[in-house]
Amino acid sequence: MIYVKIYRVQGEVLLAACDEELLGKTFREGDLKLEVKERFYRGELVEEDALGPLLHEATIANLTGERCVSKAIELGYVDEDRVLRIQGVPHAQMARLFL
């Protein structure tokens, strides 16, 4: 399962999503630190297949965890070569540009 939370601010739709078991944890590697904060990520708990329509609507996304990031890669929203790993945990950000 994946936690998803949607923020709507000034015409932007930000999707925060993380694998359920990562919520509340902090990961460090070298100078990098990834905090999976409950106040940012904890929203609705959904199956990973629900991520597709949410990513389609999002203009910005913060994705953390194997299931979350893998689904975004599978659907073409994230380039696998652009995924950051901190202590082995994948993290990706997406921004949709409208020209």
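The table below lists the values:
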| item | result |
| --- | --- |
| Strands (runs of 3 or more DSSP E) completely within the range 18-91 that count 1 or more residues being closer than 10 Å to ILE2 by Cβ | 44-46, 60-64 |
| Count of the range 1-24 residues which are more than 18 Å from ALA72 (Cα to Cα) and either in contact with a Lys or Arg (Cβ under 8 Å, 6 or more places away or on another chain) or buried (at least 16 other Cβ atoms within 10 Å of the Cβ) (or both) | 2 |
| Filtered residue count, the range 1-34, keeping only those that are of a type in the set (D, E, K, R) and under 12 Å from the mean Cα position of the chain (by Cα) | 3 |
| Criterion: loosely packed, with under 12 Cβ neighbours inside 10 Å and at pLDDT 95 or above - qualifying residue of ARG67, ARG39, ARG85 | ARG39 |
| Any hit, the range 30-49, residues being under 17 Å from VAL89 (Cα atoms) and in contact (Cβ under 8 Å) with a residue 60 or more places away in the chain | no |
| Residues that are in a loop (DSSP other than H, G, I, E, B) and at negative phi, drawn from the range 2-17 | none |
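The values are calculated or read from the model by the stated rules, or taken from the named source; none is laboratory data. Being a predicted model, the structure only gives us computed values, none of them experimental. Ideal geometry is used to build each Cβ from the backbone, glycine not excepted, and the neighbour counts take in all protein chains shown.
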